[in-house]
There are 2 protein chains.
Amino acid sequence: MSILVVGSVAFDSLETPSGKRERVLGGAATHFALAASFFTDVRVVGVVGEDFLPEHEAVLTSKGVDTTGIEHVKGKSFHWTGSYMKDLAEAETLATFLNVFADFEPKIPESYLDSEYLFLANIDPVLQLKVRQAMPNAKLVAGDTMNYWIAAHRENLLKVMQELDVLIINGKEVLMLSEETNWVRGAKKILEMGPKSLVVKYAEHGVAGFFSDRMTEKMELCDEPERQIFRAPATPVENVVDPTGAGDSFAGGFYGYIASQGKLTPEVYRTAMFYGSVMGSLAVQKFGTEQLQATTKADVEQRFKELIELSHIRG
Amino acid sequence: MSILVVGSVAFDSLETPSGKRERVLGGAATHFALAASFFTDVRVVGVVGEDFLPEHEAVLTSKGVDTTGIEHVKGKSFHWTGSYMKDLAEAETLATFLNVFADFEPKIPESYLDSEYLFLANIDPVLQLKVRQAMPNAKLVAGDTMNYWIAAHRENLLKVMQELDVLIINGKEVLMLSEETNWVRGAKKILEMGPKSLVVKYAEHGVAGFFSDRMTEKMELCDEPERQIFRAPATPVENVVDPTGAGDSFAGGFYGYIASQGKLTPEVYRTAMFYGSVMGSLAVQKFGTEQLQATTKADVEQRFKELIELSHIRG
């Protein structure tokens, strides 16, 4: 089953305790697509400038990602400059050059319209909603957002949230969006705000999934007890080189696994949380997309097995 | 199998967003003993003053805890005053009155000498070592410590660590003790400093267990893959009333379960991490010891079952 992802395709200039990199390939859609490509067909909608060369596009196409929907326009690509020198857990933005991304109007190629899985990466919620409306037949819709949209574009964001089967955000964003101080209360409040389920990312502490009754109804239930919360750990990583894109890589692995299964059961959803963690933990081990480019499907399966052994008493 | 725990028996005056309590029963040995009492026989070595009344002792004895080793002396009991108003995740100490605890010299009753499981709660490492030496036949030794001893009594603490089969500390203490910035590297370094295994507490994010080869050799191995790390989640709690004693309650549940099983296999160790999480999550739901006093074994088993469902794909 095909996933359509809409989001940023960008260059990142990065500084971490492990070193510096100038203008490496990045962007939410890039990280998501690479991670999801290990599981299923992925189609990207984004915009890039003249500095986005065939060698950059090849990073995606060599993994089978369909880049027909990456629009090439005059000007420079989105360029983010960030530092993790103070805190590996939180990026400090040094400069953001939106460039061609400032006028991004997602255009969905005809050949993408049959995509059953839609992922709305972190972009203006107005654009997220437009894409969702342009894909009325998508059978599962997931999305991300960030503190900027929560703080300054809340009303638009709330409209997108009505459309989401899965909202994927981090722990701080849960507290900010819900205006709660406890993450469990916060997550439950967010489910009442629209999304049928919620996956909360906690970096090295893994992820937590929250399911509303509306999500349960959407899933093909096996004979199993109802669960409202599920947790998957992260693979412990001794050398975090570059956390950029970890969350998008999680989302790609999570959603890619779901799409690969064809039908969504609670067990598929839970297993997807583990595959997401696998992809996120791989992504941080090198700069930019380097690690996911070098990873094989066998590496992914090996790490999945280790993650089960790490967390299952008799796993 | 019996556990001997040595540590503080105290009164706590607490301020949290849920309210205030004056002089409620507390102390590491108290929380540990109550939690462990759900699984096995527990014997306490500690010291209290004249303000420690029969009604306080009854909190322990009513759960079957043997208090023969709680020495009653002239003066007042250890009294700690703390606030969680700024941050529920970290206690702010307002005042510490050591009182009779300042001159604590642990005395082990004759009837305790056959205890096979020894838990050295957070006290001066010099005392921890003395107790360990007084219990040469203990077949498993676990212990806790805190930032104060790590910073100012490191040399003594390192001697205790040589004696420990299990060191149980929190995530910040791992970084402080190991002088690392990454907790996985930190945990591995701590294993090289002496303890055969390490359990790291991450509050709402559960616990991580690290096993050295020396611990593996100490366990009765079943036919299973070797694991160097294991994680257990915490039960999500919507209303954390009072975090005081959560770590000691974890340790009590963890160690109590291990002692109850008679033999230590890797599966018993992993299961114990889940039971520890259960007891820690119960403890925070009311002030002081209130919740553990009101809990039944059926409550414990129910929450254990929920924690398995929360974390096991096919649990």
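The values are calculated or read from the model by the stated rules, or taken from the named source; none is laboratory data. What you see is a predicted model; the values in this text were computed from it and never measured. Please note: Cβ atoms are built from the backbone with ideal geometry, for glycine as well, and neighbour counts cover all protein chains shown. Just the protein is used for accessible areas: all its heavy atoms, side chains included, with ligands, DNA and RNA removed. Shrake-Rupley method; radii C 1.70, N 1.55, O 1.52, S 1.80 Å.
A compact table of results
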read-out: Cross-chain or 6+ apart pairs with Cβ under 7 Å, the range B:188-206 first and under 13 Å from B:GLN228 (Cβ atoms) and open to solvent by 10 Å² or more (accessible area, probe 1.4 Å), then at pLDDT below 95 and not in a helix (DSSP H, G or I); value: B:LEU191/B:SER212; B:LYS196/B:SER212
read-out: Subset tally (residues that are over 16 Å from B:VAL24 (Cα atoms) and of a type in the set (Ser, Thr, Tyr)) for the range B:59-109; value: 4
read-out: Counted residues, the range B:289-315 - those being more than 9 Å from every other protein chain (Cβ to nearest Cβ), surrounded by fewer than 24 Cβ atoms within 10 Å (Cβ to Cβ) and assigned to a loop (DSSP other than H, G, I, E, B); value: 2
read-out: Checking A:PRO195 against (1) within 8 Å of another protein chain (Cβ to nearest Cβ); (2) in a loop (DSSP other than H, G, I, E, B), the condition it does not meet; value: (1)
read-out: Matching residues, the range A:90-106, being surrounded by fewer than 13 Cβ atoms within 10 Å (Cβ to Cβ) and not in a helix (DSSP H, G or I); value: A:GLU90, A:GLU92, A:THR93, A:LEU94, A:ALA95, A:GLU105
read-out: Residue in the range B:43-52 that is farther than 25 Å from B:LEU129 by Cα and under 18 Å from the mean Cα position of the chain (by Cα) present; value: no
read-out: Criterion (within 19 Å of A:VAL284 (Cβ to Cβ) and open to solvent by 10 Å² or more (accessible area, probe 1.4 Å)) met by exactly one of A:SER2, A:SER13, A:SER18; value: A:SER18
read-out: Filtered residues of the range B:270-315 (kept if modelled with pLDDT under 95 and among the basic types (Lys, Arg)); value: B:ARG314
read-out: Single residue of A:ALA95, A:ALA89 found to be over 18 Å from the mean Cα position of the chain (by Cα) and of a type in the set (A, V, I, L, M); value: A:ALA95
read-out: Residues (among the aromatic types (Phe, Trp, Tyr) and in contact with a strand residue (DSSP E or B) (Cβ under 6 Å, 6 or more places away or on another chain)) located in the range B:253-285; value: B:TYR255, B:PHE274
read-out: Any hit, the range A:273-287, residues being farther than 24 Å from A:ASN122 by Cα and in contact with a Ser or Thr (Cβ under 7 Å, 6 or more places away or on another chain); value: no
read-out: Hits in the range B:175-187 - residues which are more than 10 Å from chain A (Cβ to nearest Cβ), without any contact (Cβ under 8 Å) to a residue 24 or more places away in the chain and open to solvent by 30 Å² or more (accessible area, probe 1.4 Å); value: B:LEU175, B:GLU179
read-out: Pick from the range B:139-157, criterion of a type in the set (A, V, I, L, M, F, W, C) and without any contact (Cβ under 8 Å) to a residue 40 or more places away in the chain, ranking: surrounded by the most Cβ atoms within 10 Å (Cβ to Cβ); value: B:LEU157
read-out: Flag if A:ARG185 is modelled with pLDDT under 95 and assigned to a helix (DSSP H, G or I); value: no
read-out: Identity of the residue in the range B:140-166, among the polar types (S, T, N, Q) and part of a helix (DSSP H, G or I), that ends up nearest to the other protein chains (Cβ to nearest Cβ); value: B:ASN147
read-out: Any chance A:GLY253 is of a type in the set (Gly, Ala, Ser), within 22 Å of A:LYS63 (Cβ to Cβ) and touching a helix residue (DSSP H, G or I) at 6+ places or on another chain (Cβ under 7 Å); value: yes
read-out: Looking only at the range B:36-65, and only at residues there that are assigned to a helix (DSSP H, G or I) and open to solvent by 10 Å² or more (accessible area, probe 1.4 Å), the one that is farthest from B:ASN99 (Cα to Cα); value: B:THR61
read-out: Residue within the range A:80-89 that is away from chain B (no Cβ under 14 Å), outside any strand (DSSP E or B), in contact with a strand residue (DSSP E or B) (Cβ under 9 Å, 6 or more places away or on another chain) and within 27 Å of A:LYS130 (Cα to Cα) present; value: no
read-out: Qualifying residue in the range A:230-243 (condition: charged (D, E, K, R) and more than 27 Å from A:GLY19 (Cβ to Cβ)); value: yes
read-out: Leading residue by the ranking (farthest from A:LEU4 (Cα to Cα)) among those in the range A:258-281 that are among the aliphatic types (A, V, I, L, M), touching a residue at least 24 places away in the same chain (Cβ under 8 Å) and open to solvent by less than 10 Å² (accessible area, probe 1.4 Å); value: A:VAL278
read-out: Meets criteria (farther than 24 Å from B:GLY253 by Cα and surrounded by fewer than 18 Cβ atoms within 10 Å (Cβ to Cβ)) for B:ARG214; value: no
read-out: Residue match in the range A:76-88 (condition: under 24 Å from A:TYR257 (Cβ atoms), of a type outside the set (A, V, I, L, M), touching a Ser or Thr at 6+ places or on another chain (Cβ under 8 Å) and surrounded by 13 or more Cβ atoms within 10 Å (Cβ to Cβ)); value: no
read-out: Test for B:THR244: is it modelled with pLDDT of 95 or more and open to solvent by less than 10 Å² (accessible area, probe 1.4 Å); value: no
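Every residue, every condition in (1) in a helix (DSSP H, G or I); (2) open to solvent by less than 70 Å² (accessible area, probe 1.4 Å); (3) under 27 Å from A:GLY75 (Cα atoms), yes or no:
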| position | (1), (2), (3) |
| --- | --- |
| A:ASN122 | no, yes, yes |
| A:VAL131 | yes, yes, yes |
| A:ASN137 | no, no, no |
| A:ILE168 | no, yes, no |
